[in-house]
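Only one structure is covered here, and it is reproduced in the block below.
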Amino acid sequence: MNQRLQAFQQWLQEQHISFAIITSTPNVFYLSGFYSDPHERLLALVVFPNEEPILVCPQMEAGQAKRSGWHYSLIGYSDIENPWELISEHVTKRQPAADRIAVEKTHLSLERYEQLCTYFSARSTINAEEKLRELRMMKDEQEVSILRQAAALADLGVEVGVKAIAEGKTELEIIAAIEYELKKQGVREMSFATMVLTGQKTADPHGTPGLAAIQKGDFVLFDLGVVLDGYCSDITRTVVFGKPSDEQKRIYETVLKAQLAAIAASKPGAAAGTVDQAARQIIEQAGYGSYFTHRVGHGLGIEIHEYPSMNATNAMALEQGMVFTIEPGIYVPSIGGVRIEDDVLITNDGVEILTSYPKELITL
Ligand code: MN
Ligand code: MN
């Protein structure tokens, strides 16, 4: 049994749980190695404290599940079968009296919960999400290696985007150039909708790209990432098209200083919150405190937002193997916004920065 399943089983034993039924794509992938988005159909991994797990998926995906390396029980169900009935048959053989069932409470729909209640007479459901977040937070060698490659592809995306900048080009044209190149490199999927924003639109941290055309003097902000072998990258760079104004320069230099301070604060044993505080202090001292409207970063892995949350009040101690983003920003509505984002890995004595596109102010 793989280490991840073993660690999860140990938790099931400690918590006296009869079995866990895991149904979210990221957690099923983390525990089984099988990545599948079954849309409205049920994907489920049933994990027992002391017995071999069962993977349940639509019949048409059973071949892929086997090829993914899954070598325990596999139940493929057709579109005219009720998967809950099949699960109940198989689980009852192994656990006739299930009274504590672990589920993902923010993921399991009410409809599925009702199916679970119909087929099992459990007295209580336990939330497995916190435990799975903790396990996924510590990346192993193989995960780190994939994350490094995903970060390099994000660097390439920014490089292509910066080269594509020209007067009159629209945000969406530049996005098309970035994604065309990445697809040629074998990237099937971006980790979120690629963001290229220009001018005052950069003042909206989660702005929507459109047909806005680049003009002289604009900030151009890129925020993008790829999914590689199930893992996400996430990078932001901001450049100026033309000659930057003094205030644009001041904003940029402040964000860069804040980002470097946050990187310097990232080391094993430091509380996650101190990383946010390091960046925020610099931005506040420069007088832009009220324009830094979000946490300094987020954990990164199978999902784009994972643990640890890099917010000012998180007391969790950073540990070797954690991967997260550091992305302070200043967003001034009348001028525009700057954000600089890297992906970092906590090492035994500090950080390794996974993304490497240059950060000094680029003017074009
Ligand atoms: Mn980002
Ligand atoms: Mn991010």
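Inspect all residues belonging to the range 143-160 and state whether any of them is at pLDDT 95 or above, open to solvent by less than 60 Å² (accessible area, probe 1.4 Å) and farther than 24 Å from Leu300 by Cα. Scanning the range 143-160 turns up no residue that is at pLDDT 95 or above, open to solvent by less than 60 Å² (accessible area, probe 1.4 Å) and farther than 24 Å from Leu300 by Cα. For the criterion of being under 14 Å from Ile335 (Cβ atoms), in contact with a helix residue (DSSP H, G or I) (Cβ under 9 Å, 6 or more places away or on another chain) and of a type in the set (Asp, Glu), Asp218 passes. A search for C-beta distances below 7 Å between a residue of the range 183-209 that is farther than 11 Å from Leu153 by Cβ and without any contact (Cβ under 8 Å) to a residue 24 or more places away in the chain and any residue that is open to solvent by less than 20 Å² (accessible area, probe 1.4 Å) and within 15 Å of ligand 1 (Cβ to nearest atom), counting only pairs 6+ apart in sequence or on different chains, returns Gly207/Met195; Gly207/Leu197. At least 2 residues being modelled with pLDDT of 95 or more and among the β-branched types (Val, Ile, Thr) is the threshold, and among the strands (runs of 3 or more DSSP E) wholly inside the range 285-361 those reaching it are 323-326, 329-332, 342-346, 351-353. For the range 232-252, the candidate set comprises residues that are of a type in the set (Ser, Thr, Tyr) and surrounded by fewer than 24 Cβ atoms within 10 Å (Cβ to Cβ); within that set, the residue that is nearest to Glu303 (Cα to Cα) is Tyr252. Filtered by the rule that a residue be closer than 18 Å to Ala213 by Cα and more than 12 Å from ligand 1 (Cβ to nearest atom), the range 229-244 gives Val239, Val240, Phe241, Gly242, Lys243, Pro244.
Taking the criterion of being over 20 Å from Arg133 (Cβ atoms), in contact (Cβ under 8 Å) with a residue 60 or more places away in the chain and among the aliphatic types (A, V, I, L, M), the residues of the range 95-123 that qualify are Ala97, Ala98, Leu116, Ala122. Somewhere in the range 165-173, is a residue modelled with pLDDT of 95 or more and touching a Pro at 6+ places or on another chain (Cβ under 7 Å)? Yes, that holds for at least one residue.
Considering the range 210-252, and only residues there that are in a strand (DSSP E or B) and of a type in the set (Phe, Trp, Tyr), the residue that is nearest to ligand 2 (Cβ to nearest atom) turns out to be Phe222.
Is it fair to say Val255 is open to solvent by less than 20 Å² (accessible area, probe 1.4 Å), within 16 Å of ligand 2 (Cβ to nearest atom), under 29 Å from Ser145 (Cβ atoms) and in contact (Cβ under 8 Å) with a residue 12 or more places away in the chain? Here the answer is no, as Val255 does not meet what is asked. Taking the listed residues Ile340, Ile335, the one that is in contact (Cβ under 8 Å) with a residue 12 or more places away in the chain, open to solvent by 10 Å² or more (accessible area, probe 1.4 Å), at negative phi and of a type outside the set (Gly, Ala, Ser) is Ile335, with no other qualifying. Across the range 95-111, the qualifying residues are those that are open to solvent by 80 Å² or more (accessible area, probe 1.4 Å) and among the charged types (D, E, K, R), and the one among them that is nearest to the chain's Cα centre (by Cα) is Lys105.
Yes/no per residue for (1) surrounded by fewer than 21 Cβ atoms within 10 Å (Cβ to Cβ); (2) outside any helix (DSSP H, G or I):
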{"site": "Ala7", "(1), (2)": "yes, no"}
{"site": "Gln10", "(1), (2)": "yes, no"}
{"site": "Ile17", "(1), (2)": "no, yes"}
{"site": "Ile21", "(1), (2)": "no, yes"}
{"site": "Asn27", "(1), (2)": "no, no"}
{"site": "Leu31", "(1), (2)": "no, no"}
{"site": "Ser36", "(1), (2)": "yes, yes"}
{"site": "Leu42", "(1), (2)": "yes, yes"}
{"site": "Leu45", "(1), (2)": "no, yes"}
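Filter the range 51-94 down to the residues that are part of a loop (DSSP other than H, G, I, E, B), within 25 Å of Asn2 (Cα to Cα) and out of contact with any Pro (no Cβ under 7 Å at 6 or more places or on another chain), then identify the one that is least open to solvent (accessible area, probe 1.4 Å). So, considering only residues that are part of a loop (DSSP other than H, G, I, E, B), within 25 Å of Asn2 (Cα to Cα) and out of contact with any Pro (no Cβ under 7 Å at 6 or more places or on another chain), the one least open to solvent (accessible area, probe 1.4 Å) is Pro53.
May I ask you to list the residues in the range 112-123 that are surrounded by fewer than 16 Cβ atoms within 10 Å (Cβ to Cβ) and in a helix (DSSP H, G or I)?
Here is the first cut: in the range 112-123, the residues surrounded by fewer than 16 Cβ atoms within 10 Å (Cβ to Cβ) are 113-114, 117-118, 121, 123.
Residues satisfying the conditions are Tyr113, Glu114, Cys117, Thr118.
So, of the residues in the range 174-209 that are open to solvent by less than 30 Å² (accessible area, probe 1.4 Å) and of a type in the set (Ser, Thr, Tyr), which turns out to be nearest to ligand 2 (Cβ to nearest atom)? Looking at the filtered set, the residue picked out is Ser191.
Taking the range 274-331 as the range and being β-branched (Val, Ile, Thr), free of Cβ contacts under 8 Å to residues at least 60 places away in the same chain and open to solvent by 20 Å² or more (accessible area, probe 1.4 Å) as the test, the residues that pass are Thr274, Ile282, Thr313.
The values are calculated or read from the model by the stated rules, or taken from the named source; none is laboratory data. Given the structure is predicted, the values throughout are model-derived calculations rather than measurements. Every residue, glycine among them, receives a Cβ derived from its backbone with ideal geometry; neighbour counts consider all protein chains shown. Just so you know, the surface numbers come from the protein's heavy atoms only, side chains and all, with ligands and any DNA or RNA stripped out. Shrake-Rupley method; radii C 1.70, N 1.55, O 1.52, S 1.80 Å.
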